[in-house]
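The values are calculated or read from the model by the stated rules, or taken from the named source; none is laboratory data. Since this is a predicted model, take the numbers as computed values, not measurements. Because the Cβ atoms are built from the backbone with ideal geometry, glycine has one as well, and the counts that use them run over all protein chains shown. When the accessible area is computed, the model is the full protein with side chains, heavy atoms only, and any ligands, DNA or RNA have been set aside. Shrake-Rupley method; radii C 1.70, N 1.55, O 1.52, S 1.80 Å.
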Amino acid sequence: MVNSLEINTPIRVGLVGTGFVAKLRAEILQQDLRAKLVAVVGSTPEKTAEFAQKYAVEAIASVEDLVSLDIDLVIVATINSEHGSVCHQALQHGKHVVVEYPLSLDVHEAEELINLANRQNKLLHVEHIELLGGLHQALKENLSATGNPFYARYSTLNHQSPAPQRWTYNKELFGFPLSGAVSRLHRLTDLFGTVATISCQNRYWGMDGEFYKACLCTTQLQFTNGLIAEVVYGKGETIWIDERKFTVDGEKGGLSFDKEDGKLINAEGTKLIEVGTRRGLFAQDTDMLLNHLINGTQLYVSSTASLYALKVADAARRSAQTGQTVAL
């Protein structure tokens with residue numbers, strides 16, 4: 001049981017990161033009287049100073065200095081490769097921690113961080129807002145209508161040309177595609193349970209410099225309940241056709257979600273499914289987080305569930321490296 005914080009005192013928050021997600025978090029926190037954003041540290045002094053001025057908070061020189069402050073909570077919204085180290089420092093200093101997925105690019109470090117949070121009696125919350133989104137909720141609500149589901153396919157392909165020269169196109173900083181984008185697998189494990197075996201192929205283009213120009217990762221999962229799932233993740237210059245599609249085939253019907261368009265298909269015909277908005281999910285995550293810290297209410301995802309999805313991603317990485325099917 002994570003120790004609760006005083007309801008009559010705003011939760012003091014330190015933020016690691018100055019990018020898009022960090023800005024969202026800052027704006028949400030400044031609109032909530034239960035919390036007070038007090039400090040930020042970014043990748044450069046210039047970005048930190050600019051962010052601190054915009055949101056009227058203290059600019060801090062290093063993560064070590066930030067976690068040493070009199071704060072209750074550290075929100076980690078920086079590049080993937082730094083998540084594990086920052087979380088470790090924050091937990092060691094007795095802070096509650098919220099981190100954008102993935103918890104770490106190293107699955108063993110992720111497991112150690114969860115154990116550390118338990119020993120410190122501190123919250124370690126890994127954000128997976130896709131589980132709160134309209135698509136996932138529509139999937140969960142309508143899955144039983146397919147009868148016994150036996151096949152699922154989830155494809156997210158994004159054409160970007162020229163490919164941006166930023167950390168999301170760097171192998172070391174972003175991580176293996178399905179580790180950096182572990183939400184693709186977490187959506188499946190949340191719906192269908194545990195994985196028995198996994199087979200994966202992964203390819204990069206333009207690896208002659210610090211940043212690659214494109215990647216394509218295709219994976220087949222055999223779940224312990226017999227369901228087979230395929231995950232396709234690609235981005236960059238050689239991905240010509242954009243796609244964001246999730247389909248499920250079952251013995252009594254099928255589900256198809258193409259971007260925001262959803263439908264159930266069975267012997268009776270086709271029924272349209274309303275898919276809720278993707279907006280406001282970080283605000284929802286933050287609200288649930290603060291409620292949990294103050295009142296002990298349950299969060300929508302556990303760190304152990306996030307860890308399991310990361311273990312599946314690591315098995316996919318090993319399969320892609322060896323060319324062998326990996327058993328979990």
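Overview of results
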{"read-out": "Of all residues in segment 23-37 being crowded, with 20+ Cβ neighbours inside 10 Å and not small (Gly, Ala, Ser), the one that is nearest to residue 13 (Cα to Cα)", "value": "37"}
{"read-out": "Test result for residue 21, under 25 Å from residue 295 (Cα atoms) and either of a type outside the set (Lys, Arg) or in contact with a Gly (Cβ under 8 Å, 6 or more places away or on another chain) (or both)", "value": "no"}
{"read-out": "Residues satisfying the stated conditions in segment 140-168, i.e. in a helix (DSSP H, G or I) and either crowded, with 22+ Cβ neighbours inside 10 Å or among the polar types (S, T, N, Q) (or both)", "value": "142, 144, 146, 168"}
{"read-out": "Subset of segment 50-70 (residues that are in contact with a Leu (Cβ under 7 Å, 6 or more places away or on another chain) and part of a helix (DSSP H, G or I))", "value": "55"}
{"read-out": "Filter result for residue 209 (over 22 Å from the mean Cα position of the chain (by Cα) and either closer than 23 Å to residue 78 by Cα or open to solvent by 60 Å² or more (accessible area, probe 1.4 Å) (or both))", "value": "yes"}
{"read-out": "Segment 57-84 residues that are under 28 Å from residue 108 (Cβ atoms), paired with ones that are among the hydroxyl-bearing types (Ser, Thr, Tyr) (beta carbon under 6 Å, 6 or more apart)", "value": "83/104; 84/104"}
{"read-out": "First in segment 101-126 and farther than 25 Å from residue 294 by Cα, second anywhere and open to solvent by 10 Å² or more (accessible area, probe 1.4 Å) and not in a helix (DSSP H, G or I), Cβ under 6 Å, 6 or more apart", "value": "none"}
{"read-out": "Among residues of segment 251-295, those that are assigned to a helix (DSSP H, G or I) and more than 20 Å from the chain's Cα centre (by Cα), counted", "value": "4"}
{"read-out": "Boolean, residue 179 is part of a helix (DSSP H, G or I), open to solvent by less than 40 Å² (accessible area, probe 1.4 Å), of a type in the set (Gly, Ala, Ser) and within 29 Å of residue 257 (Cβ to Cβ)", "value": "yes"}
{"read-out": "Any hit, segment 80-87, residues being open to solvent by 10 Å² or more (accessible area, probe 1.4 Å) and either in contact with a Leu (Cβ under 7 Å, 6 or more places away or on another chain) or part of a strand (DSSP E or B) (or both)", "value": "yes"}
{"read-out": "Any hit, segment 85-92, residues being farther than 24 Å from residue 303 by Cβ and in contact (Cβ under 8 Å) with a residue 24 or more places away in the chain", "value": "no"}
{"read-out": "Residue within segment 183-197 that is in contact with a Gly (Cβ under 7 Å, 6 or more places away or on another chain), outside any strand (DSSP E or B) and open to solvent by 50 Å² or more (accessible area, probe 1.4 Å) present", "value": "no"}
{"read-out": "Candidate set: segment 97-131, residues that are part of a strand (DSSP E or B) and not acidic (Asp, Glu); chosen: the one surrounded by the most Cβ atoms within 10 Å (Cβ to Cβ)", "value": "126"}
{"read-out": "Some residue of segment 39-49 being assigned to a loop (DSSP other than H, G, I, E, B), touching a residue at least 40 places away in the same chain (Cβ under 8 Å) and open to solvent by less than 60 Å² (accessible area, probe 1.4 Å)", "value": "no"}
{"read-out": "Number of the exception - residue 287 against (1) open to solvent by less than 50 Å² (accessible area, probe 1.4 Å); (2) among the acidic types (Asp, Glu); (3) under 30 Å from residue 109 (Cβ atoms)", "value": "(1)"}
{"read-out": "Residues within segment 67-106 that are of a type in the set (D, E, K, R) and either under 23 Å from residue 283 (Cα atoms) or in contact with a Phe, Trp or Tyr (Cβ under 7 Å, 6 or more places away or on another chain) (or both), tallied", "value": "3"}
{"read-out": "Every residue from segment 216-250 that is of a type in the set (Ser, Thr, Tyr) and either open to solvent by less than 50 Å² (accessible area, probe 1.4 Å) or in a strand (DSSP E or B) (or both)", "value": "218, 219, 233, 247"}
{"read-out": "Residue match in segment 257-265 (condition: open to solvent by 40 Å² or more (accessible area, probe 1.4 Å), closer than 24 Å to residue 181 by Cα and basic (Lys, Arg))", "value": "yes"}
{"read-out": "When residues of segment 296-328 are limited to those that are outside any helix (DSSP H, G or I) and open to solvent by less than 40 Å² (accessible area, probe 1.4 Å), the one farthest from residue 111 (Cα to Cα)", "value": "296"}
